[in-house]
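Any read-out appearing in this document is the output of simple, stated calculations on the displayed coordinates, not a laboratory observation. Since this is a predicted model, take the numbers as computed values, not measurements. Here Cβ is always computed from backbone atoms with ideal geometry, including for glycine, and neighbour counts include all displayed protein chains.
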């Protein structure tokens, strides 16, 4: 369980960077300030931008945690793609 927590903490910073890039690309194509967001009627444009960034950050973090967990919890077998080739020589 401690290893899983450590993996999730390791994923925070890279997921922040990916979310920042994704948010920038999304805002370049689709500006939330000019788009009708049904649930955000009373929200300011800055609040919509912040909420969208937070959602993207959480999604990127969850995907990063899942990827790290899958890569570290799988058993290594013969012909494994991630197997260290130099150890066999």
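If we count other beta carbons within 10 Å of each Cβ, what is the order of 55, 29, fewest first?
Placing the least packed residue first, the sequence is 29, 55.
Testing the spin-label approximation: label points 7 Å from Cα along Cα→Cβ at residue 30 and residue 69. State their distance in nm.
Simple spin-label model gives 2.8 nm for this pair.
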